[in-house]
Every structure is written in structure tokens, then in C-alpha cells.
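I have placed the structure first, in the form of C-alpha cells, so that the comments after it can refer back to it.
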Amino acid sequence: MNLSLQRVVPAWAWMRDYHRGLLAGDLVAALVVTMMLVPQALAYALLAGLPAHMGLYASILPLVMYALFSSSKTLSVGPVALTSLLTAAVVGKIAAVDSQAYIVAAVVLAMLCGLILLLMGLFRMGFIANFLSHPVVSGFVTASAVLIALSQVGSLVGLPAHGSNAHDILLSLLQNIDSAHSLTLAVGGLVLAFLWWARAAMTRRLVAFGMAPALAALIAKAAPAMALIASTLISYQWQLETKGVAVVGDIPKGLPRLALPSMDPALWSELAISALLIAIIGFVESVSLAKTLAAKRRQRIQPNRELVALGAANISSAMSGGFVVAGGFSRSVVNFDAGAQTQAAGMFAAVGIALVALFFTPALYFLPETTLAATIIIAVSSLIDVGVIVRAWRYSTSDFIAIVATIAATLLLGIEQGVLAGITLSIALHLYKTMQPHIAVVGEVPGTEHFRNVKRHQVITHSNIVSLRIDESLYFANASFLEDRIYELVSQLDGLEHVILQCTAVNEIDLSALDALESINLRLNEQGITLHLSEVKSPVMDALHNSDFLDKLSGSVFLTQHRAVQSLKRDEIEPYII
């Protein structure tokens with residue numbers, strides 16, 4: 001019975017063993033996350049072009065649903081900067097901001113993302129996270145963080161600003177620079193400076209005054225909530241709204257009502273492709289973060305369960321009037337550091353947000369929008385990773401190109417085009433590299449049975465044999481390259497009798513490559529040269545046995561390269577380096 005229930009609701013695995021010893025850590029983590037999530041939820045709703053209260057709605061039921069189905073004990077889901085910006089970019093093409101149609105489209109987008117993630121989870125497609133390379137993700141997130149920060153400069157200083165790429169946003173800001181509101185800038189600048197100081201130095205200062213390090217760290221993480229409360233009180237006391245400072249305004253009081261989103265087929269089809277892209281990006285970012293946090297506690301993340309959990313979270317967000325949700329970087333780290341022990345911390349945080357929605361939303365009327373802009377800027381600043389560009393420059397030219405191209409495309413073309421450009425370029429670079437695999441002429445290291453590249457090591461070779469180590473699987477893209485390389489080499493060597501292909505690194509031979517091998521075998525045989533294979537892996541041998549290639553092979557298949565050479569050598573020459 002327990003196993004059956006656990007299959008339906010994976011949370012039963014931790015709920016049945018829950019005890020008082022876990023409660024304290026989960027409650028503390030939930031309190032801190034709630035204090036972070038309230039200002040972030042409001043801010044990210046505005047970033048998505050939606051009413052502020054939708055951020056709260058997206059932070060209640062989705063947290064509960066994720067906790068019920070997830071494998072991560074510490075990932076904190078909810079509105080995040082990246083998916084909020086993507087929502088604004090996608091929905092802004094369909095409807096005008098501040099319109100009811102815009103809200104309807106954002107809710108449908110969340111539903112579509114949820115259904116896509118849920119289906120991917122049911123079909124066990126968690127492996128899809130591997131299709132986005134780390135350089136592309138890093139470049140995309142870095143550029144997106146810059147775009148998000150730029151998009152908030154207008155709200156920070158009281159300027160109208162719009163645009164989907166860096167050029168348009170900067171141009172909009174420059175065109176309206178004379179409209180900057182000094183009081184808005186003063187409030188936003190003070191909040192920005194406080195949040196920056198809180199992140200960089202508050203913990204250290206509080207410890208210097210004698211506070212316990214753990215408590216000091218928790219207080220520092222609650223800095224966004226402090227900024228929200230303080231700026232709201234100042235705004236109310238000095239009536240900043242009447243002096244031109246934009247405030248959040250009326251936020252509906254109470255919990256969201258459950259309802260199905262619009263079922264307009266035209267709207268669903270128009271959003272489908274973008275929803276797929278957002279779903280994959282949100283999943284990749286979430287599962288990467290979840291794996292990082294789980295590894296610190298020697299825990300294990302199940303990507304397929306994460307797909308189901310994130311799908312359920314987004315479906316519940318849509319049904320409760322929210323928008324797209326995913327795992328939040330800063331909140332998850334805080335949740336982990338604050339001592340969250342189980343997914344119950346997320347449920348407790350949902351209760352905290354629900355209480356805010358029930359009782360405290362009227363108090364948020366005077367919250368300055370510039371405070372939320374500063375909150376977003378500080379939150380996304382941690383996502384900007386310049387170091388990954390430097391590391392890629394030093395280590396891998398192709399990865400460096402992928403990162404720079406992704407960043408440039410995202411900044412210049414927009415967030416959707418940026419990630420598509422990064423994915424396309426990564427695939428193209430991978431194909432380019434594997435189209436020309438490393439093929440080394442190898443010889444035997446004296447006194448051993450090991451074979452190494454003749455250009456790098458002092459090795460023993462034989463005049464009647466050429467041994468080639470292929471450092472890549474063979475498939476349609478590199479089959480012709482292998483043929484050309486062997487024919488070129490054979491044409492340069494006199495007295496050659498045997499060609500041995502050392503297949504240590506060959507994990508697969510597709511049909512195109514098999515045709516190429518048959519052609520090589522035939523052409524070499526016509527020249528009186530025998531083709532042999534060595535160190536062929538069992539799965540590859542199984543595939544070859546399903547063809548007639550082994551029957552046509554002019555030579556033999558050897559278990560080891562050493563045995564092949566010992567069987568075929570005619571004479572030895574002195575060790576040398578080419």
C-alpha cells in the first residue's frame with residue numbers, strides 16, 4: 001500500500017518519516033525564503049508585465065505541488081527573473097501590456113509549459129537537460145541577467161523604457177533621459193546601495209558586533225524584506241505617490257480562485273513553440289541547480305521526477321492565476337543554507353505567502369516600484385558569470401565561440417533568439433569537431449604493450465604495418481574524412497602490407513560509416529593491403545555481426561592492438577619520434 005501511494009505521490013517517502021527534529025530547520029528556512037520571496041514575487045510579476053498580485057499567486061499552490069512530486073529537498077520554486085523576462089517577450093508579441101488579453105496569454109503560457117514538462121516527465125525525457133551545453137546555458141543566463149538589469153533601470157530612475165534587446169532598451173533610456181525623476185532615483189539608489197551592502201558586508205558587520213554568524217547570515221538574507229518594509233513606510237509617511245514616485249497600488253486581498261485558463265485553440269497554438277522553449281530552459285536551470293545543492297549533501301536528483309514536479313507546479317500556477325515558475329537560484333541557495341531538511345520547507349513557505357496574500361496586501365499599496373527594480377537588479381547580478389568566458393577562452397575555442405555568440409545574440413536580438421542561436425551553434429560546433437576526428441598513427445612504447453601517438457612519444461613501429469587509433473565514434477558526418485585520411489596515408493608509405501584500425505574510442509559505427517569501412521576494405525584489398533580491426537568494443541562487435549562486413553573483411557579482428565602487431569609484424573626499426 002505504501003509503495004503504491006509513493007508511486008502516485010512521491011512526497012509520501014519523506015512524509016511518513018517526518019519527525020520533530022526536521023521541523024525546526026524547515027520552519028527557519030521557510031521563514032527566510034518567505035521574506036525573500038514576497039518582494040521577488042512582486043518584482044518578477046512586474047518584470048513579466050503582469051499585476052503584482054500574480055507573483056504572490058504563483059508562489060502559493062506551485063510550491064505545494066512541487067513539494068509533493070519533487071526529488072529535490074531544497075530547490076525553491078516560484079517566479080524567477082529569467083522565465084519572467086521570457087514571459088514578457090513572448091506574451092508581448094500577442095497582446096498589449098496591462099490588457100486582460102495579456103494576462104490571459106500569460107496564464108495559458110504557464111499551463112502549456114506545465115503540460116509540456118509533465119508529458120516529458122511521463123515519457124522519461126529527463127535526459128533532455130543534456131542537450132543544452134553548460135557554456136551555452138552560462139552565456140544565455142549571463143546575457144539574460146544583463147538584459148533584465150537593463151530593463152529595470154527605467155523603473156529605478158522613473159523613466160519610461162521598453163525593448164526586447166539591449167540596443168532598444170538603451171535607446172529608449174537615452175531618448176527619455178530628460179524625464180528622469182530625481183526622487184524616484186534617490187529612493188531606488190538608496191535601496192540598491194543597501195541591498196548591495198547587505199550582500200557584501202552585512203554579515204561581517206553583524207558578526208563584528210558580536211552576533212552569532214548563523215543568525216547574522218539569516219538577517220543579511222532578509223535584507224530585501226527589510227528594504228520593502230522600510231521603503232513602504234517611508235512612501236506612506238511622506239506620501240511619495242503624490243510627489244511622482246510610482247507605487248505598486250492596489251493588490252487584491254485574499255487567496256487566488258482556482259479556474260481553468262482560456263481554451264482558445266488559436267492562442268494555444270500561437271504560444272506552443274515558445275512554451276516548449278521556456279519549459280526546457282526552466283527545467284535545465286532548475287535541475288542543474290537542484291543537482292548542485294543535492295551533491296553538497298550527497299543526495300540524488302531524479303530528472304524525470306523533476307519534470308513531473310515542475311510540470312505540476314506550472315499547471316497549478318496557471319489554475320490559480322499565476323504565471324510560469326521555475327527553480328530560483330538565490331532562494332534555493334538561501335533555503336539550503338538556512339537548513340531546509342525536506343520539501344516541507346517549501347510547503348511552509350507557501351503558507352507564509354498565503355498569509356501575506358490574506359492579510360498584508362493592503363499595506364503594500366505604497367510600495368515604490370523603484371524598490372522592486374532594485375531588488376531585481378541585485379538578484380540577477382549573481383547570475384552574471386564573466387569568469388566562464390575567461391575559462392572558455394583559455395580551455396576551448398569552440399566553447400568560447402558558443403558562449404560569446406550566445407551572449408551577443410541574446411543582447412542584440414533578444415532572449416528567444418539568443419538561446420536558439422546558442423543551441424544551434426553548439427550543435428554545429430559539435431558536428432564540426434566530430435566531422436574531423438583525431439586519427440593518430442600509433443606505435444608501441446618500448447617494454448610495454450601500450451600504443452601511443454608517434455608524434456608525441458618515442459615508440460616502435462614496423463615498416464609493413466600502419467596502426468591508426470580513431471578517437472571518435474564513426475558516423476555519417478566523419479565517414480568520408482576517415483576514408484580520405486587512410487587513403488592519403490597509404491599513398492605516402494612504401495612496402496605497406498597491413499592497416500590496423502585501433503577502435504578503443506569507437507563507441508558506435510552507423511550505417512554510413514559501415515559503408516565507408518566496406519569501401520576502405522575493398523580499395524585496400526585491391527592494392528594488396530589487408531585491413532584489420534583491434535580492441536573493438538562488444539556493442540560495436542554486436543552491430544558488426546548483424547552485417548556481412550566481417551565476412552568481407554580482408555584481415556582479422558584482434559582483441560588487443562599488441563596482439564595484432566605481434567601477429568603481423570615483419571621487421572622492426574629503431575624507436576623514433578616523427
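The values are calculated or read from the model by the stated rules, or taken from the named source; none is laboratory data. This one's a predicted model, so the numbers in the text were calculated from it and none came from an experiment. Glycine also receives a Cβ, built like all others from the backbone with ideal geometry; neighbour counts cover every protein chain displayed. Just the protein is used for accessible areas: all its heavy atoms, side chains included, with ligands, DNA and RNA removed. Shrake-Rupley method; radii C 1.70, N 1.55, O 1.52, S 1.80 Å.
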Residue by residue through region 203-213, the couplings from Karplus 6.51 cos²θ - 1.76 cosθ + 1.60 with θ = phi - 60°, in Hz, x for Gly and Pro, are 4, 5, 5, 5, 5, 5, 7, x, 7, 4, x
Distribution output for region 64-151: share of Cα-Cα pairs per 5 Å bin in percent, first bin at 0, values 2, 11, 15, 19, 24, 17, 9, 3
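Applying a 10 Å radius around every beta-carbon, put 372-379, 113-120 in order of their mean neighbour count, most first. Walk me through the numbers before you get to the answer.
Numbers: 372-379: 26.4, 113-120: 23.6.
Descending mean neighbour count gives 372-379, 113-120.
Write down the accessible area per residue of region 414-551 in Å², having rolled a 1.4 Å probe over the full set of protein chains.
Values: 6710 Å² over 138 residues.
Here the per-residue accessible area is 49 Å².
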Carbon and sulfur atoms account, in whole percent of the 1.4 Å probe accessible area of the chain, for 62
Binned at 10 Å starting from 0, the alpha-carbon pair-distance distribution of the chain in whole percents comes out as 3, 15, 22, 19, 13, 11, 9, 5, 1, 0
In debye to the nearest 20, the charge dipole size for the chain, taken about the Cα centre with +1 at each Lys and Arg Cβ and -1 at each Asp and Glu Cβ, equals 2380
With +1 at each Lys and Arg Cβ and -1 at each Asp and Glu Cβ, the charge dipole magnitude of region 296-385 around its Cα centre, to the nearest 20 debye, comes out at 460
Probe 1.4 Å, all chains present, heavy atoms only: residue 236 accessible area in Å², nearest 10, is 130
If amide H atoms are modeled at 1.01 Å from N in the peptide plane, then the residues at a separation of 5 or more from residue 247, or on another chain, having amide H under 5 Å from its own are 369
Shape call for region 197-267, from the Cα gyration tensor axes a ≥ b ≥ c (a/c under 1.5 means rounded, otherwise prolate when a/b beats b/c, else oblate), comes out oblate
Both in Å, the radius of gyration and Dmax of the C-alpha trace of region 493-577 are 13.6, 42
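Solvent-accessible area per residue for region 285-409 at a 1.4 Å probe radius, Å²? Could you put the intermediate results ahead of the total?
Details: 4690 Å² over 125 residues.
Solvent-accessible surface per residue comes out at 38 Å².
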Note on the chain, DSSP bridge orientation, antiparallel percent to nearest 5 equals 50
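Counting each DSSP H run of 4 or more residues in the chain as -39500 (n - 2.57), what helix-only mean residue ellipticity at 222 nm follows after dividing by all residues, to the nearest 500 deg cm²/dmol? It would help to have the intermediate numbers written out before the result.
Values: 26 runs with 352 residues, N = 578.
Here the helix-only value at 222 nm equals -19500 deg cm²/dmol.
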Expressed in square angstrom to the nearest 10, the accessible area of residue 93 with a 1.4 Å probe stands at 140
Under 18 Å by backbone N from the virtual spin label 7 Å along Cα-to-Cβ at residue 393, the residues of region 130-154 are 135-136, 138-140, 142-143
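Could you put 257, 331, 124, 391 in order of accessible surface area, largest first, with the 1.4 Å probe and the full protein assembly present? Kindly include the intermediate steps, with their values, before the conclusion.
Working: 257 210, 331 0, 124 160, 391 135 Å².
The ranking, largest first, comes out as 257, 124, 391, 331.
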Ordering 544-556, 505-517 by per-residue average of other C-beta atoms within 10 angstrom, highest first, gives 505-517, 544-556
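Express the accessible area of region 111-187 per residue in Å², computed with a 1.4 Å probe while the remaining protein chains stay in the model.
On the way: 3610 Å² over 77 residues.
Using a 1.4 Å probe on heavy atoms only, each residue of region 111-187 averages 47 Å².
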Magnitude of the Cβ-charge dipole (Lys and Arg +1, Asp and Glu -1) of region 197-349 about the Cα centre, nearest 20 debye, reported as 800
Sorted largest first, the Cα spans of region 237-341 on the principal axes come out in Å as 54, 44, 24
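Can you tell me how region 171-308 classifies by the Cα gyration tensor, rounded, prolate or oblate, using a/c under 1.5 as the rounded cut?
Details: a/c = 2.02, a/b = 1.15, b/c = 1.75.
In terms of gyration-tensor shape, oblate.
If we sort 45-56, 479-490 on the protection proxy, mean other Cβ atoms within 10 Å, highest first, what's the order? Don't skip to the answer; put the middle values down first.
Working: 45-56: 25.5, 479-490: 16.2.
By packing density, highest mean first, the sequence is 45-56, 479-490.
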